[in-house]
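Following: one structure in structure tokens, then a few remarks.
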Amino acid sequence: MYIQVFEYIETFFLLLIRISGIFTSAPVIGAESMPAQVRVMSALALSMLLLPTEIAMRGPVQIPPQIYIFGLIVIKEILLGLLLGFVASFVIEGVKLAGEMMGIQIGFAMVSVIDPESQQEESIMGSLNYLVFTLIFLLINGHHLIIEAFNQSLRLVPLGLVNYNGNFVSEIFNRAPEFFTIGIKIAAPVVVPLIMLSVVLGIISRAVPRLEVFLISFPLNILMSFLIIIYYMDDLVRYFIYLINSNIFDEITRIIYLLR
């Protein structure tokens, strides 16, 4: 294995560059909360494991003698790895957006925690959704799906060569707003009943002015929201599994085919 690494150092280097892009931007395996040492060692180990397959399939990469051409090839490999992870991250942003909408309606807008991934304040419900999604992602081996999608990228887009048609950029931008749709779908089962509860409490406050509706609305919102979350948790888990298989793995595969 080590002899092959030194013998085909150019191929190994380009392979490592593409993998490093995924371990920088992909959900869960590329999260900032994962130690950098773990991501670096994982990228190195995966590159060493895939190197014999790449050599057997296509042979060593022929590096042009011009330095500037080699630099362009390296940039292409970095961008391709980052792109594959970036496409998969749309789902994560949708999951966090759903938590933001749920938290605002529940009344947790004034309460926030520090997200270790973005180093910014995030709502409690956003963190809860992200933790549940991460747990499901690991339970169904979602990281294996991302590695399999990367393996497909090696078969369809050879190292050192990236071709794409004119619709490629528009496809990426057209898919970007999808995280709004994901967020609304996840948050709707909680947000809609809470809006109806607020309407009912508003009617009660007009009918009985002496009743302090504000004092009871906050605990009622929390109680009702968590009862709803517990009730539809099974459906939420199934939807997360669907997102991992469809909006992450299938979407990365579709983008790879656009790059052929």
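Total residues in the stretch 56-110 satisfying the condition of being over 23 Å from the mean Cα position of the chain (by Cα), more than 18 Å from L154 (Cα to Cα) and touching a residue at least 24 places away in the same chain (Cβ under 8 Å): the figure is 3. Screening A31 with (1) of a type in the set (G, A, S); (2) closer than 27 Å to F180 by Cβ; (3) assigned to a helix (DSSP H, G or I) gives one miss only, at (3). Check whether at least one residue in the stretch 53-73 is farther than 25 Å from E10 by Cβ and crowded, with 19+ Cβ neighbours inside 10 Å, and report yes or no. No, the stretch 53-73 has no match at all.
Scanning the stretch 31-46 for residues that are closer than 24 Å to L154 by Cα and touching a residue at least 40 places away in the same chain (Cβ under 8 Å) gives A31, L46.
Within the stretch 6-39, if we keep just the residues that are exposed (fewer than 15 other Cβ atoms within 10 Å of the Cβ) and under 13 Å from P52 (Cα atoms), the residue that is modelled with the highest pLDDT turns out to be I9. Within the stretch 204-234, the set of residues being β-branched (V, I, T) and assigned to a helix (DSSP H, G or I) comprises I204, V213, I216, I222, I228, I229, I230.
The residue list V87, V74, V38 contains one member that is in contact with an Asp or Glu (Cβ under 9 Å, 6 or more places away or on another chain), of a type in the set (V, I, T) and in a helix (DSSP H, G or I), which is V87.
Taking first residues from the stretch 232-259 that are of a type in the set (D, E, K, R) and partners that are in a helix (DSSP H, G or I), the Cβ contacts under 8 Å between residues at least 6 apart in sequence or on separate chains come to D235/P189; E251/V87; E251/A88; E251/F90; E251/R175. Of the residues making up the stretch 218-227, none is out of contact with any Asp or Glu (no Cβ under 8 Å at 6 or more places or on another chain), farther than 30 Å from F133 by Cβ and surrounded by 10 or more Cβ atoms within 10 Å (Cβ to Cβ).
Within the stretch 205-229, being at pLDDT 85 or above and either charged (D, E, K, R) or under 30 Å from V87 (Cα atoms) (or both) holds for one residue alone: I229.
Criterion applied to V169, V200, V237 was being over 25 Å from A98 (Cβ atoms) and either modelled with pLDDT under 80 or in a helix (DSSP H, G or I) (or both), and the one residue passing it is V169.
The values are calculated or read from the model by the stated rules, or taken from the named source; none is laboratory data. What you are looking at is a predicted structure, and each value in this text was computed from that prediction instead of being measured. Using ideal geometry, Cβ is built from the backbone for each residue, glycine included, and neighbour counts are taken over all protein chains shown.
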